[in-house]
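See structure below.
The values are calculated or read from the model by the stated rules, or taken from the named source; none is laboratory data. All figures in this text were calculated on a predicted structure; none of them were measured in a lab. Here Cβ is always computed from backbone atoms with ideal geometry, including for glycine, and neighbour counts include all displayed protein chains. For the accessible areas, the whole protein counts, side chains as well, though only heavy atoms, and no ligand, DNA or RNA atoms are used. Shrake-Rupley method; radii C 1.70, N 1.55, O 1.52, S 1.80 Å.
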Amino acid sequence: MTRSYATHAHKDFVGASREAVGDPHLQTALQRLTLRLTEMQQASFEGLDREAMRERARGVKDEALSHLDRYLAELEASVVRAGGRVHWASDGAEAREVVLGIAREYGVRRVVKSKSMTSEEVHLNGALEAAGMEVTETDFGEFLLQLAGERPSHLVAPVLHKTRERIRALLVEKLRRDIPDDPAHMAAAARAVLRERFREADMGITGVNFAVAETGTVVIVSNEGNARLTTTAPRVHVALMGIEKVIPRFEDLGIFFKLLARSATGQKMPVYTSLITGPRRPGEADGPEAFHLVALDNGRSRILGGAFRESLYCIRCGACLNICPVYRKVGGHAYGGVYAGPIGSVLTPLYDGLPDYHHLPHASSLCGACQQACPLRIDIPHMLVALRGRLAEEGETPFLERLIYRVWRAGLCSPRLYRAGMWAARGLLRRMGRDGWIAGLPGPGAGWTQVRDFPMPAERGFRERLRDLGL
Ligand code: SF4
């Protein structure tokens, strides 16, 4: 994959996909990890009533979103009661300004971050660096991406697009030391750098997996200890959350822990689950002096009441990416925005503009595997179709496609036209084929035959055969 697709947001899904499919390293990496994660996810639910778990989680999300204003107000009151502060950001620019304002208030020069897709969404690192701060990503995968100057390509495995061999080469080049070809040695090399950064940092920035309105607790789930160090070592902790992350009660957390860990990595529980309620209290040995929660809207309240409401149920587990036949071939960078895969094909057009990302609703075979894999049973296929409908309503559909559908509709509305069309198409297609297969279709069908042949139609159609049989 060229550096531009891996390093910058873009709107060229088709070009980026073409490159991705031709990159043997990427294909190996995608094949290895997506299959493994899917198998582990499926095995982890054995013996459990997955449907009942999903129903329970959907019920909690539905309740939280139905009374979002109330639960967000309750969350703010709870965080303040625990000694923290809450800031509201209507969009990415405001979120960046809020975080920069907090950093200035405390005279911050060095920042450590644990993995946060929301901070990617608002392009926070660039803003902090432009203001003269040193920013270090501390999740191993994110640290590697920072060294490479690339963007994450998966929700829970951000460096999934790199093979072990490429990771070692990157570490050797950037850390300027020899490192044995072994994951433990590679992690140790990164750890040696990161420990120093934790020690020097003034501010730690994290995402939020869940925020409990009842208690003001933010929950951060990770498989590395970096989130704990990020939230406890620096003087200031800033947690950045999308407003949909609020859940009503502390007891609601249990069901999400069970679903998230299993769906993300096939584990029964995440390795590290941090529950943070306000800053360090008098007498406590560690924790930050100040805790700030930044709640981001960025288009979420706009989609709360419509056809795309279920997209706000997403707990960013990545299961829909791993199972998706499109993601498995093109990887995360092809999607162009922050969020990839089936849920990215919904979120990116909704957050960043449908006309710019008009390819994404079509980046799906609508096979339904994403909905089956999703721990919240989010109806992604339905939302993709709704986005396609919106594209047609807004006149964003190409002329040729509109023409084809008009002709198709006319044919379906008239049996005589339909039969004539079938007869003509069969004759035409049979002329193009040989030995039962067509090697190259013309026009819009050419993409289909680029990597496989198209079956030649039978000599006599179904209706003719029925007639032959006297039926
Ligand atoms: S849509 Fe569902 S499967 Fe996909 S990341 Fe979100 S919660 Fe996971």
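Taking 0.36 nm per residue of separation and subtracting the current Cα-Cα distance, fully stretching the chain between PHE454 and LEU466 would add 1.9 nm. The trypsin sites (Lys or Arg not before Pro) found in the range 185-285 that occupy coil by DSSP, while having at most 16 further C-beta atoms within 10 Å, are ARG235, ARG249, LYS268. Using the empirical formula 2.2 N^0.38 Å as the baseline, the Cα radius of gyration of the range 132-197 reaches a ratio of 1.06. Shape class for the range 1-46, computed from the alpha carbon gyration tensor (a ≥ b ≥ c): prolate, with a/c not under 1.5 and a/b above b/c. Of the residues HIS292, CYS324, ALA211, the one whose Cα sits farthest toward the positive end of the charge dipole of the chain, with +1 on the Cβ of Lys and Arg and -1 on the Cβ of Asp and Glu, is CYS324. Placing a pseudo-label 7 Å from each Cα along the Cα-to-Cβ vector at ARG434 and GLU289 gives an inter-label distance of 8.0 nm. Relative to the longest principal axis of the Cα atoms of the chain, the long axis of helix 253-265 lies at roughly 60 degrees. Per residue, the chain exposes an accessible area of 47 Å² to a 1.4 Å probe, with every protein chain left in place. At the residue level, CYS367 shows approximately 80 square angstrom of accessible surface with a 1.4 angstrom probe and all protein chains present. Taking a sphere under 13 Å around the Cβ of GLY368 and counting the other residues whose Cβ falls inside, with K and R at +1 and D and E at -1, yields a net charge of 0.
Please return the longest stretch of the chain lacking exposed loop sites, where GluC sites (Glu not before Pro) count only if DSSP places them in a loop and at most 15 other Cβ atoms lie within 10 Å. Longest run free of exposed loop sites: 47-213. Counting pairs of alpha carbon atoms under 8 Å apart in space and at least six apart in sequence, what relative contact order in percent does the chain give? Taking the mean separation of contacting Cα pairs over the length of the chain, I get 19 percent.
In terms of overall dimensions, the C-alpha atoms belonging to the chain reach 92, 55, 46 Å along their principal axes, ordered largest to smallest. On full extension, the segment bounded by CYS367 and CYS413 gains 13.9 nm, given 0.36 nm per residue less the C-alpha separation.
Against the chain, whose longest principal axis is taken from its Cα atoms, helix 50-66 shows a tilt of about 70°. For the range 1-66, a crude dipole built from +1 on the beta carbon of Lys and Arg and -1 on the beta carbon of Asp and Glu, taken about the Cα centre, is about 220 debye to the nearest 20. Could you list, in their original order, any pairs among LYS61/LYS258; LYS258/LYS329; LYS61/LYS245; LYS162/LYS329 whose Cα atoms are separated by more than 19 Å? Over 19 Å Cα-Cα: LYS258/LYS329.
Quote the relative contact order of the range 379-453 in percent (integer), defining contacts as alpha-carbon pairs under 8 Å separated by 6+ residues. Rounded, it is 12 percent for the range 379-453. Charge dipole (Cα centre; +1 on Lys/Arg Cβ, -1 on Asp/Glu Cβ; no other charges) of the chain amounts to roughly 1480 debye. Quick check: the distance between the Cα centres of the range 76-137 and the range 268-328, to the nearest angstrom? First find each Cα centre; the distance between them is then 15 Å. Hey, what angle do you get for helix 415-432 against the long axis of the chain, alpha-carbon based, 0 to 90 degrees rounded to 10? Taking Cα atoms only, the helix is inclined about 90 degrees.
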